1. So which residues in the range A:21-43 are touching an Asp or Glu at 6+ places or on another chain (Cβ under 8 Å) and open to solvent by 40 Å² or more (accessible area, probe 1.4 Å), if there are any at all?
2. Select from the range A:18-46 the residues that are touching a Pro at 6+ places or on another chain (Cβ under 9 Å) and basic (Lys, Arg) and list them in ascending order.
3. Can you run down the residue pairs with Cβ atoms below 6 Å, 6 or more apart or on separate chains, where the first is in the range A:34-58 and more than 7 Å from chain B (Cβ to nearest Cβ) and the partner is assigned to a helix (DSSP H, G or I) and hydroxyl-bearing (Ser, Thr, Tyr)?
4. Give me a count of the residues in the range A:20-50 that are farther than 10 Å from B:GLY54 by Cα and aromatic (Phe, Trp, Tyr).
5. Please enumerate the residues belonging to the range B:49-87 that are open to solvent by less than 60 Å² (accessible area, probe 1.4 Å) and assigned to a loop (DSSP other than H, G, I, E, B).
6. Facing chain A (nearest Cβ under 8 Å), out of contact with any Cys (no Cβ under 8 Å at 6 or more places or on another chain) and of a type in the set (A, V, I, L, M, F, W, C), is that true of B:MET27?
Number of protein chains: 2
Amino acid sequence: ADAEAGKAKAAVCAACHGQNGISQIPMYPNLAGQKEQYLVASLKAYKNGQRQGGQSAVMQGQATGLSDADIANLAAFYASLPADGGK
Amino acid sequence: ADAEAGKAKAAVCAACHGQNGISQIPMYPNLAGQKEQYLVASLKAYKNGQRQGGQSAVMQGQATGLSDADIANLAAFYASLPADGGK
């Protein structure tokens, strides 16, 4: 996985999850420093419609256009960020 | 929500998500410092069977026995922990 490619792809994610992976919105999770494998599994579950409830409709729409490589790269990028937002 | 009550309830969660909310297992997410509202929505989605895929079967089993108050207290507890694990 290529975290740099993930960073480039993450521009759209930042609107809800923050530039540094710390969400400014209470309903949306922080992603910074999250486990890479978990992020991959979560994105695939959203893409496949396996996650319902909460804000899943938003994420299903976002994940639909992601390839497996995109997902791997995005997960590598967010996992690489400091969990405290770099403060 | 009562983070202290959540801490008492979280003993079983720690096996996978870590005593400090930082998972030692790549497939399981960190919970420390996560958004409280997101944790509530996620636990309810697991309990209701709305989250499939990944390790959701494990979490559905765990969440089944949780009341709305338990969920609120657990979410308050994990949201209160430092996202970097207190390092």
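1. A:PRO26
2. A:LYS35
3. Taking only residues 6 or more apart or on different chains, the pairs are A:LEU39/A:TYR78.
4. 2
5. Those that are open to solvent by less than 60 Å² (accessible area, probe 1.4 Å) and assigned to a loop (DSSP other than H, G, I, E, B): B:GLY49, B:GLY53, B:GLY54, B:LEU66, B:SER67, B:LEU81, B:ALA83, B:ASP84, B:GLY85, B:GLY86.
6. Yes: the conditions hold for B:MET27.
The values are calculated or read from the model by the stated rules, or taken from the named source; none is laboratory data. Keep in mind the model is a prediction, meaning the values are calculated, not measured. All Cβ positions, glycine included, derive from the backbone under ideal geometry; neighbour counts span all protein chains shown. Only protein heavy atoms, including side chains, enter the accessible area calculation; ligands, DNA and RNA are left aside. Shrake-Rupley method; radii C 1.70, N 1.55, O 1.52, S 1.80 Å.
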